[in-house]
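*Asks:* First the structure, which I've put down as structure tokens, then a few questions once you've had a look.
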Amino acid sequence: MGARDKLREYFLNHVGVVLNARQLREAAGDISEWARRVRELRVEEGFEILTHNDRSDLKPGEYLLITRKPRPAFARAISKETRAFVLDRNGYTCQMCGAAAGEPHPDGSGRVTRLHIGHVVDKSMGGSDDPSNLRAICSVCNEGARNLTLDRPTATKLLIQLRRAASPEQLAVLEWLVRKYPGEAEKMLNSSGRAS
């Protein structure tokens, strides 16, 4: 059984329980890339595994699977040919730190550099699997680079976009905010005197 299978089973046996990084690393068999396998469960298999980015009451390094039923997930659509093309185009080196495949990683850990294909603009933010949006990236840089945005939108910009969205999308955002900040909406209503 691979690390991803072990993690899936562990999460499914602990639905609704906050798990920490140590527990998940041990469940995966003490592999160094356990966090990548968790991300694959989220992105590729659609499991709603929440982190501190999703809920304010979770601390960094804490994870929570909220339901056994996965949501529709992003499919991996990068062909072997496209992977080979991108690796060759990028000279089999990480496009962030310059580490070459198969050589010791420059971070001094002694690990051998493993290259992956990464998205310049992440799929979760609308990026495509077109070779122009792909690059060779080592596992160390890939872990640090996921879902980065250059400019974070201001509250005003977000509200403008929300006002333009249809009601179902607005409600989906509200549902996400209530999940991320449990109890905050009630506090805000009580402090403004609007609560009944």
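FYI, it's all coordinate maths here, none of it is from the lab. Computed from a predicted model, the values in this text were never measured in an experiment. For neighbour counting, all protein chains shown are included, and Cβ atoms are generated from backbone atoms with ideal geometry for every residue, glycine included.
*Asks:* Aspartates and glutamates near K180 by alpha-carbon distance under 17 Å, same-chain residues fewer than 8 away left out - which ones?
*Replies:* Cα-Cα hits under 17 Å: E48, D54, D57, E62, E169.
*Asks:* Reachable lysines from K80, Cα under 24 Å, same-chain residues fewer than 8 places away excluded?
*Replies:* Counting by Cα, and skipping residues close in sequence, K80 has these lysines nearby: K123.
*Asks:* Return the lysines within reach of K187: Cα separation strictly under 22 angstrom, same-chain partners fewer than 8 residues apart disregarded; answer none if there are no such residues.
*Replies:* Leaving aside lysines fewer than 8 places away in the same chain, those within reach of K187 are K59.
*Asks:* What is the local net charge at L19, summed over the other residues whose Cβ is closer than 11 Å to its Cβ (Lys, Arg +1; Asp, Glu -1)? Kindly include the intermediate steps, with their values, before the conclusion.
*Replies:* Numbers: positive: R22, R25; negative: E26, E62.
Summing Lys and Arg as +1 and Asp and Glu as -1 gives 0.
*Asks:* Only one of the values (1) 88, 41, 30; (2) 46, 41, 34; (3) 65, 38, 31 was calculated from this structure for Cα extents along the principal axes in Å; name its label.
*Replies:* After the calculation, the listed value that fits is (3).
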